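K.L.:
For reference, the structure I am asking about is given below.
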Amino acid sequence: MCKEECPYDFRLAEVVSKLKEIQARKVLVQLPNGLKKYYPILRTTLEDLEIEVFLSLSHSWGVCDLALGEAKKTMCDTILHVGHHGQVALYTLSDIKIVCSPAFYKRNPIPLATRGLKLLMAKGCKRIGLFTTAQHLNYFQELREALSEAGAKVHTTQIFPWMPGQIIGCRFDTIVSNLDRKVDAYLVVGGGIFHGLGLFVTTNKPVIIADPYSNRLIEVAEEASQILKKRLFKLMEALDKKNYAVVISTKIGQFRLALAQKIRDLLRGRGKVAELVVADEISPSLLLNIPWAQAFVIVACPRIAIDHQEEYPYPLLNPGEVKYVLRGSLEEYTPKDSLVPNLSLNNVA
């Protein structure tokens, strides 16, 4: 496949300029699994610069998941991390240069998003919070203008100063504190349900996802009802479990040892058996190797417990849900705790 046929724009001219600027000689390329098929396009571009290129076959979940260990082992001076950033940017970590490149999806999402806006306006929602995942930020300003022209008052916020409008699955708190009082509903442009679900349970306001990959609109309230029922059932199960594993990820942006130790100690203080377990990549094949654990607290990416619960026979909890286990009760349960990545001890006796 040539660059012109690829459905993604990697901003290769900017990447080349950045790699020349830092005089990169050995580069480890990190791509999400769904984008690894396009590696030959990147490899050809880098080899034209006389750069030795390696492809990381590991998962790449975000900028929280930089393959520093692989880069060091292969003696690469640079990681090209693709697909989770809204612009070409340069960082340095552990003496390794990190060049972040976007992977912008080329299909124009504006017609689909405009249809989504009509559904929200039919519900009486005119003040709209607009967000996209990283893959669609190239259309963000056009989206904002198109929705405004269609009659909406469009608002957004910036989790990071250089990426206005990008939604990130572990930072819903920022959206609520900066924006929620200004809007009636949210429109999210992106694939899948996770980001829209996060907004829905955090804000309890209407959310529509415009998914450019499937070309469909998702009214999150309908999907969320089933997901949250299953979540509540697993949390009820967890209250009765005795043996817990508190799971730590060594990924650079997910490693939170002190939080895991605090959760372990609190669980033990309530008479639970709680052990710390650690891995880089958290998967069913790993956790099912410890059948003595009857429930898991995932001190890593909050998506693991939401997206992958059905792959596990035992409850997966996020830190925000631990307080219910400590209380031994689901009284005052709120769904937004399912996505809270930190420990909340409100009303824990």
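K.L.:
Compute the FRET efficiency between Gln158 and Asp9 as 1/(1 + (r/R0)^6), taking r as their Cβ-Cβ distance and R0 = 22 Å, and round to the nearest 0.05.
P.N.:
Details: r = 22 Å, r/R0 = 1.00.
The value I calculate is 0.50.
K.L.:
Quickly work out the Cys64-to-Lys230 label distance, labels modelled 7 Å from Cα along the C-beta direction, and quote it in nm with one decimal.
P.N.:
2.0 nm
K.L.:
Please identify every one of the chymotrypsin sites (Phe, Trp or Tyr not before Pro) in region 114-197 that sits in a loop by DSSP and has no more than 15 other beta carbons within 10 Å of its own beta carbon.
P.N.:
Within region 114-197, the qualifying chymotrypsin sites (Phe, Trp or Tyr not before Pro) (loop, at most 15 other Cβ atoms within 10 Å) are Trp162.
K.L.:
Towards the positive end of the charge dipole of region 169-253, with charges on Cβ (+1 Lys, Arg; -1 Asp, Glu), say which of His195, Ile175, Phe233 has the farthest Cα.
P.N.:
Phe233
K.L.:
Residue by residue through region 46-57, which ³J(HN,Hα) values in whole Hz follow from phi under the Karplus form 6.51 cos²θ - 1.76 cosθ + 1.60 (θ = phi - 60°), with glycine and proline marked x?
P.N.:
Result, ordered by residue: 6, 5, 5, 8, 6, 9, 7, 10, 10, 10, 6, 8 Hz.
K.L.:
So what are the ³J(HN,Hα) numbers for region 218-232, from phi and the Karplus equation (6.51, -1.76, 1.60; θ = phi - 60°), rounded to whole Hz, Gly and Pro as x?
P.N.:
10, 7, 5, 4, 5, 6, 5, 4, 5, 4, 6, 4, 5, 5, 5
K.L.:
Which GluC sites (Glu not before Pro) in region 280-341 pass both tests, a DSSP loop state and at most 12 other beta-carbon atoms within 10 Å?
P.N.:
Glu331, Glu332
K.L.:
Tell me which trypsin sites (Lys or Arg not before Pro) from region 189-246 have a DSSP coil assignment and no more than 14 other beta carbons within 10 Å of their own.
P.N.:
Qualifying residues, ordered by number: Lys242.
K.L.:
Name the residues whose placed amide hydrogens come within less than 5 Å of the amide hydrogen of His155, ignoring near sequence neighbours (fewer than 5 apart) on the same chain.
P.N.:
For His155, whose amide H was placed from the backbone, the distant partners under 5 Å are Ile128, Gly129, Leu130.
K.L.:
Among Leu257, Thr78, Pro32, which residue has its Cα furthest toward the positive end of the charge dipole of the chain, with +1 on Lys/Arg Cβ and -1 on Asp/Glu Cβ?
P.N.:
Selected residue: Leu257.
K.L.:
Listing Leu28, Leu267, Leu68 from the residue with the fewest other Cβ atoms within 10 Å to the one with the most, what is the order?
P.N.:
Ranked by crowding around the Cβ, least crowded first: Leu68, Leu267, Leu28.
K.L.:
Please report how far the C-alpha centroid of region 59-108 lies from that of region 162-198, rounded to the nearest whole angstrom.
P.N.:
So the separation of the two Cα centres works out to 23 Å.
K.L.:
For region 211-349, with only Lys/Arg (+1) and Asp/Glu (-1) charged at the beta-carbon, what is the dipole magnitude about the Cα centre, in debye rounded to 20?
P.N.:
560 debye
K.L.:
Rounded to the nearest 0.05, what FRET efficiency do Arg43 and Asn289 give with R0 = 45 Å and r taken as the Cβ-Cβ distance? Could you check? Don't skip to the answer; put the middle values down first.
P.N.:
Numbers: r = 36 Å, r/R0 = 0.79.
It comes out at approximately 0.80.
K.L.:
Among Lys123/Lys229; Lys3/Lys97; Lys18/Lys73; Lys37/Lys205, which pairs are too far apart, with a Cα-Cα distance over 32 Å?
P.N.:
Pairs exceeding the cut-off: Lys37/Lys205.
K.L.:
In sequence order, what are the phi-derived ³J(HN,Hα) couplings for region 163-169 according to the Karplus relation 6.51 cos²θ - 1.76 cosθ + 1.60 with θ = phi - 60°, rounded to whole Hz, with x for glycine and proline?
P.N.:
So the J values, rounded to whole Hz, are 9, x, x, 7, 9, 10, x.
K.L.:
Post the alpha-carbon centroid distance, region 253-273 to region 310-335, in whole angstrom.
P.N.:
Measuring centre to centre over Cα atoms gives 14 Å.
Bear in mind these aren't lab numbers, they're just calculated from the coordinates by the rules spelled out. Keep in mind that this is a model prediction, so the values were computed, not measured. So basically every Cβ, Gly included, is an ideal-geometry build from the backbone, and we count neighbours across all protein chains shown.
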